[in-house]
């Protein structure tokens, strides 16, 4: 017997609504599949006018994203809670959605110096499906369940599906709930079938695409904006920045060392030589060097304060030197 969540995707009568394995034609009910009345004649236009129509549609995405930011803010706090509990954040997606998720997860460790297990991306069809389209993998509910089978209790599981009904994503979300994980759905369908069974639904109304059903366009752009904003906000809330500077990066090579020295100069107003010396004393740890410079303490005291502050620079500074704990960071 199908679960309530699975029935929302496949249909309560047992027929699949959006993916079959027997050649049956399927109608997907989603705004992303509708025809855009403003681009009926796009195939008759010269290149510049085609581009203008695409660009005009693209300009509507940021307003649609702005409308769902309150829901995204709830998800950010859920993500922070999951990381603080040591359970992590897991993305699940297929096709464009999965590729956007994989890109976001891959870029966080070098940007913020976090362990790769903090944010993990799962793509329908595995690694092979990242570089080429694999038919049918997004329609496999059980594959989604299997990929989410080891998600720990307390994790945040985020499903990405433009239509809001992708079976692979639905299976992952169902398994996550069974494991007492928090769940979130990012879609381009405010009435997404999977939304009823998640803790937070960020359903951005991007509407019909320039080319009907081509969700790598506006829907994909919205998903990238939302996921980048989500992960960046989580990193900020986790103390991986000081002001608007990246301070989670460790100076493990000459290029990174130069970047970190520049960050320290920007944050403290100290000379290059002073910042380089502080970084050496800190063993290449940007945050230790920063706290050491701002609070005027040695690296050991800075490191101890950061440990008590769970890595948050401003909290450590407030303990060591209350006058530096708050402010503009510049």
Notebook entry, point to check: Residues in region 211-231: is at least one at pLDDT below 95 and under 27 Å from residue 83 (Cβ atoms)?
Noted result: no
Next item on the list: Answer yes or no: is there a residue in region 160-168 that is in contact (Cβ under 8 Å) with a residue 12 or more places away in the chain, within 14 Å of residue 122 (Cβ to Cβ) and assigned to a strand (DSSP E or B).
Entry: yes
Check: Does residue 176 meet the test of being buried (at least 24 other Cβ atoms within 10 Å of the Cβ), part of a helix (DSSP H, G or I) and touching a residue at least 60 places away in the same chain (Cβ under 8 Å)?
Finding: yes
Notebook entry, point to check: Yes or no: residue 260 farther than 30 Å from residue 55 by Cα, in contact (Cβ under 8 Å) with a residue 24 or more places away in the chain and in a helix (DSSP H, G or I)?
Noted result: yes
Check: Does residue 229 satisfy the condition of being more than 30 Å from residue 36 (Cα to Cα), in the same structural domain as residue 96 (by TED's automatic domain parsing) and assigned to a helix (DSSP H, G or I)?
Finding: no
Note to self: Return the residues of region 220-245 that are over 15 Å from the mean Cα position of the chain (by Cα) and surrounded by 16 or more Cβ atoms within 10 Å (Cβ to Cβ); say none if nothing qualifies.
What the structure shows: 239, 240, 241, 242, 245
Next item on the list: Determine whether residue 205 is in contact (Cβ under 8 Å) with a residue 24 or more places away in the chain and surrounded by fewer than 24 Cβ atoms within 10 Å (Cβ to Cβ).
Entry: yes
Next item on the list: With respect to residue 146, determine if the residue is more than 17 Å from the chain's Cα centre (by Cα), surrounded by fewer than 24 Cβ atoms within 10 Å (Cβ to Cβ), modelled with pLDDT of 90 or more and part of a helix (DSSP H, G or I).
Entry: yes
Check: If residue 266 passes every condition in (1) within 26 Å of residue 79 (Cα to Cα); (2) not assigned by TED's automatic domain parsing to the domain that holds residue 96 but one, which one does it miss?
Finding: (1)
Check: Exactly one of (1) buried (at least 23 other Cβ atoms within 10 Å of the Cβ); (2) over 30 Å from residue 57 (Cα atoms) is unmet by residue 252. Its number?
Finding: (1)
Notebook entry, point to check: When residues of region 232-255 are filtered for being in a helix (DSSP H, G or I) and either closer than 28 Å to residue 184 by Cβ or touching a helix residue (DSSP H, G or I) at 6+ places or on another chain (Cβ under 8 Å) (or both), how many remain?
Noted result: 6
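The values are calculated or read from the model by the stated rules, or taken from the named source; none is laboratory data. Everything numeric here is computed off the predicted structure, so don't read it as measured data. For neighbour counting, all protein chains shown are included, and Cβ atoms are generated from backbone atoms with ideal geometry for every residue, glycine included.
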